[in-house]
Amino acid sequence: MHPTPDTEAADLYEPTERPPLHYAEQALLGAVLLQPALLPAVEDLSPSFFDSPVHAAVFAAMREVPTPEEMTSSTRLAWLTAVLAKARPQAPGLTPSYMHTLISACPQPQHVAAYAVVIHAEHARRTIGLHAEQLAQAATDTTVPDRPGHALSAADTLARHLDHLAERFPSHARPLPRTPLPPTPRPAERGEDREAEQWLLACAVARPEQVREMRWLTAEDFLDPFHAGLWQAVTALAHRGDPVDPVTMLWEAQQRGLLAAGIAPAAVIALLSEPVGSAGYWGEQLLERNLLARALLAARQITAYTTDPANTVHQLVTGSRRALADLHTVRSRWQNATRPLPASLSSAESTSPRAGPRGPLTTQRAPLLPPARQPTASRAP
């Protein structure tokens with residue numbers, strides 16, 4: 001059944017469940033329809049700030065239709081009719097009855113500035129959510145050549161938007177949002193991720209001098225807890241200046257309790273004995289993976305803040321900045337890892353520690369821990 005002219009406005013513009021923003025938009029539009037002289041008081045609003053496309057069309061028409069110099073009952077009706085005619089191309093279902101509904105929805109026209117504050121705040125919430133969505137998309141986009149740069153650019157855009165909102169909205173007595181954050185998802189461990197961690201460890205043992213230059217890599221960049229423990233072991237030996245080889249690593253691993261889970265010593269020796277590529281290269285792969293995971297986590301946390309209507313704009317800004325700060329910590333390490341080498345060292349690094357494996361990996365691959373028994377290692381014959 002098609003809506004009749006009498007029921008069309010109620011069906012299209014009066015849903016059963018209406019958020020507070022809907023009433024604020026109606027009240028503001030009604031106030032200006034009643035008193036067009038109030039329009040300059042809300043000139044900092046834009047039609048795009050309205051959540052309802054119909055309300056946005058009415059507000060845009062208000063700004064384009066000249067207001068009468070002297071307001072009488074006849075001129076007010078003429079102005080309302082002109083606004084309706086101007087808005088209808090963008091809102092074909094708009095009716096004269098709904099224009100009068102807007103007027104009746106305004107309790108106090110002199111409160112128009114307060115209604116504008118509500119619209120500003122909800123627009124800020126939506127834009128923060130949109131930027132968070134763009135950050136999540138950038139963090140998971142596998143089609144771009146520079147995935148970290150793409151994600152960090154989206155994070156920078158979000159940070160600049162937060163700075164703009166911080167200037168627009170005053171501080172709040174409760175600066176931090178109380179929204180429960182989503183649990184930190186554990187990235188799905190792929191076969192190539194496990195191999196990268198194993199090759200990194202073998203390369204670090206083969207050339208421990210590179211380990212001392214890789215302070216930008218930490219145990220949190222590893223997915224496998226056992227691999228993370230081995231990285232802590234090799235960095236401890238390297239920074240102490242102790243001898244580093246598979247045997248000394250095995251002893252250090254035992255001292256740290258890494259073999260307590262039943263991991264075979266022979267499997268650890270095999271894992272650390274055949275390096276492929278270089279530690280710097282594999283380390284950057286691990287750090288890039290962690291950077292993208294942190295960017296996605298920050299986006300999810302910010303999205304959780306924006307979907308909680310109890311958060312003020314100031315709380316959204318504060319919480320979002322804190323989420324980006326965790327990403328910035330990893331970003332700083334990424335910048336240290338990828339900083340261009342000085343010209344004096346470039347020639348000496350012709351076999352760059354960031355170079356990947358040369359030639360087929362199948363001819364140089366170190367024995368791998370079996371995926372079915374992660375994180376324990378199989379026993380060598």
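A few comments on the model shown:
- Across the stretch 213-225, coupling constants 3J(HN,Hα) worked out from phi with the 6.51/-1.76/1.60 Karplus curve, θ = phi - 60°, read 8, 10, 5, 6, 9, 10, 5, 5, 7, 9, 8, 8, x Hz, and Gly and Pro carry x.
- In order along the stretch 292-309, phi translates into HN-Hα couplings of 5, 5, 5, 4, 5, 5, 4, 4, 5, 5, 5, 4, 4, 5, 5, 7, 8, x Hz, rounded to whole numbers, per the Karplus curve 6.51 cos²θ - 1.76 cosθ + 1.60 with θ = phi - 60° and x for Gly and Pro.
- Residue order by solvent-accessible surface for Glu288, Glu252, Glu69, Glu17 is Glu69, Glu17, Glu288, Glu252, largest first, with ligands and nucleic acids left out and a 1.4 Å probe.
- Heavy-atom accessible area for Glu122, with the other protein chains in place and a 1.4 Å probe, reaches approximately 50 Å².
- Per-residue 3J(HN,Hα) values for the stretch 270-282, derived from phi via the Karplus relation 6.51 cos²θ - 1.76 cosθ + 1.60 with θ = phi - 60°, read 5, 4, 9, 9, 10, x, 10, x, 9, 5, x, 5, 5 Hz in sequence order (x marks Gly and Pro).
- Accessible area of Ile263 (1.4 Å probe, protein heavy atoms only, ligands and nucleic acids ignored): about 10 Å².
- Inter-centroid distance (Cα atoms) of the stretch 79-98 relative to the stretch 299-331, Å: 39
- The stretch 189-295 - Rg over Rh from alpha carbon coordinates, Kirkwood radius: 0.94
- Our summary gives the stretch 86-185 a relative contact order of 18 percent, counting only alpha carbon pairs under 8 angstrom and 6 or more residues apart.
- For the set Tyr98, Tyr115, the ranking by accessible area, highest first and with no ligand, DNA or RNA atoms included, is Tyr115, Tyr98 under a 1.4 Å probe.
- Semi-axes of the equivalent ellipsoid for the stretch 9-131, Cα gyration tensor, largest first, Å: 22, 16, 14
The values are calculated or read from the model by the stated rules, or taken from the named source; none is laboratory data. Keep in mind it's a predicted model, so treat the numbers as computed, not measured. Quick note on the areas: whole protein, heavy atoms, side chains included, nothing else; ligands and nucleic acids left out. Shrake-Rupley method; radii C 1.70, N 1.55, O 1.52, S 1.80 Å.
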